[in-house]
Amino acid sequence: MDESAEALCERCAAQVDQLHRTIAAWLTGSAPRTPAVFAAFADAHAEQFTMVTPDGALLRRDELFRGFEGAHGSAPGLTIRIADVDVDVVRADRECVVATYEEWQNGAGAPSGRRSTALLDRDPAAPHGLRSRHLHETWISRG
């Protein structure tokens, strides 16, 4: 039986939301700096993961992980809100899903927004059956 578009959007939303909760907890320091907590972040990403930052830099998995691991507790007061994750599942097939969402951050600096396009590999062993393969973020402003 094929998965409904609604169920797939719900899984994408759950995966993205859970990952960003983990990110916020790590960066604020509200989560302990332990291998198990870091693994919750790392396990959400495929071995071939790449990311294009809002400034256009290309990061590979190991670069992202080094920076993220070192950033524990660096953003006390940070909040992250995910919006419109189910606005569009751009493409889905047996191997992957392409989805878009908005990420809004509030912290020490001015609030910032990103429009994100994520390529998610289908992986039954991953949380929500999805693992991030590629992420492309673009700055957006409230308007």
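Derivation of every value follows stated rules applied to the coordinates shown; laboratory data play no part. Predicted, not measured: the structure shown is a model, and the values here were computed from it. Neighbour counts are summed over all protein chains in view; Cβ atoms, including those assigned to glycine, are modelled from backbone coordinates with ideal geometry.
Want the number for Glu69 to Glu102: 0.36 nm per residue separation, take away the alpha-carbon distance, what's left?
Full extension from Glu69 to Glu102 adds 9.5 nm.
So what's the gap between the Cα centers of the range 115-143 and the range 24-99, to the nearest angstrom?
Cα centroid to Cα centroid, the span is 9 Å.
Taking only Cα atoms of the range 5-140, what ratio of Rg to Rh do you get with Rh as the Kirkwood inverse-distance radius?
Reported Rg/Rh (Cα atoms, Kirkwood Rh): 0.94.
Please give the helix 61-70 orientation as an angle from the longest Cα principal axis of the chain, in degrees from 0 to 90, rounded to the nearest 10.
40 degrees
From the residues His45, Thr34, Gly67, which one has its Cα farthest along the dipole of the range 12-68 in the positive direction, the dipole being from +1 and -1 charges on Cβ of Lys/Arg and Asp/Glu about the Cα centre?
Checked the options; the winner is Thr34.
Note down the relative contact order for the chain as a percent, whole number, built from C-alpha pairs under 8 angstrom at least six residues apart.
Rounded, it is 25 percent for the chain.
Can you tell me the orientation of helix 5-28 relative to the chain, as the angle in degrees between its alpha-carbon axis and the longest Cα principal axis, to the nearest 10?
10 degrees
Which trypsin sites (Lys or Arg not before Pro) in the range 18-63 pass both tests, a DSSP loop state and at most 16 other beta-carbon atoms within 10 Å?
Here the sparse-neighbourhood loop sites are Arg33.
Sum -39500 (n - 2.57) across every DSSP H segment of at least 4 residues in the chain, then divide by the residue count to get the 222 nm mean residue ellipticity, nearest 500. The partial results should precede the final answer.
Working: 3 runs with 42 residues, N = 143.
That calculation yields -9500 deg cm²/dmol at 222 nm.
Counting DSSP beta bridges with both partners in the chain, what percentage is antiparallel, nearest 5? Before the final figure, lay out the partial values.
Details: 32 of 36 bridges.
So the antiparallel bridges amount to about 90 percent of the total.
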